[in-house]
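Enquirer: Quick one: the structure is below, questions incoming.
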């Protein structure tokens with residue numbers, strides 16, 4: 001009798017993902033060639049992007065965490081797989097927007113780099129858009145979601161730093177953010193709360209991405 005592989009089910013405490021750094025690209029011509037699905041991470045400069053990456057991937061220092069927001073000035077590419085036997089996908093850590101400790105001309109260059117990547121036609125299957133749960137959504141977030149939708153790129157909104165609030169406050173903030181987006185541009189996926197300090201949301205993020213099939217194809221069929 002033929003043995004059928006059981007579908008993947010994330011354990012209670014998912015292990016570290018398989019992740020390797022590829023390159024920091026400062027120019028479009030430096031983007032790595034790949035036919036694998038890609039996932040991009042984007043967020044305001046102080047949204048906790050590097051901390052989320054390290055916690056989500058289960059690696060302590062794969063992404064550099066800086067004391068000053070806005071220091072990521074290149075696109076950092078990583079090769080990632082959920083399990084050692086899986087085909088990898090590419091992860092692109094894009095420069096943050098908003099506050100940045102750099103001249104305006106340099107920040108404009110980072111924006112052109114990020115825009116060039118997102119409009120490149122590469123197989124970008126989804127974008128994780130990060131925002132601090134304590135902040136109100138701004139025109140930046142609304143415009144990004146609308147723009148990415150026109151590019152045909154699904155967006156998953158991640159509310160970071162949820163550990164900074166108590167459970168009741170966090171629930172209230174999540175509901176408020178969702179309602180604010182509903183008025184302007186409804187989200188295609190439920191808002192996900194994440195804490196890089198406690199790990200809250202890590203398992204759910206892994207499960208959501210696997211269940212979507214965007215990065216795994218038939219790998220978990």
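Each value in this text was obtained by applying a stated rule to the coordinates, not by laboratory testing. Since we're looking at a predicted model, the values are computed, not measured. Here the Cβ positions follow ideal geometry from the backbone for every residue, glycine too, while neighbour counts run over all protein chains shown.
Enquirer: Any chance you could run the full-extension gain for residue 176 through residue 36? It's 0.36 nm times the residue separation minus the Cα-Cα distance, nm to one decimal.
Expert: 46.8 nm
Enquirer: Another question about this same structure. I need 56, 147, 110 ordered by Cβ neighbour count within 10 Å, fewest first.
Expert: If I rank by nearby Cβ atoms, fewest first, I get 147, 110, 56.
Enquirer: Within a 10 angstrom radius of the beta carbon, how do 41, 153, 210 rank from fewest other beta carbons to most?
Expert: Numbers: 41 25, 153 17, 210 20.
Starting with the residue having the fewest Cβ neighbours, the order is 153, 210, 41.
Enquirer: For segment 18-212, what ratio Rg/Rh do Cα atoms give with a Kirkwood hydrodynamic radius?
Expert: On the way: Rg = 15.9 Å, Rh = 17.0 Å.
Here Rg/Rh amounts to 0.93.
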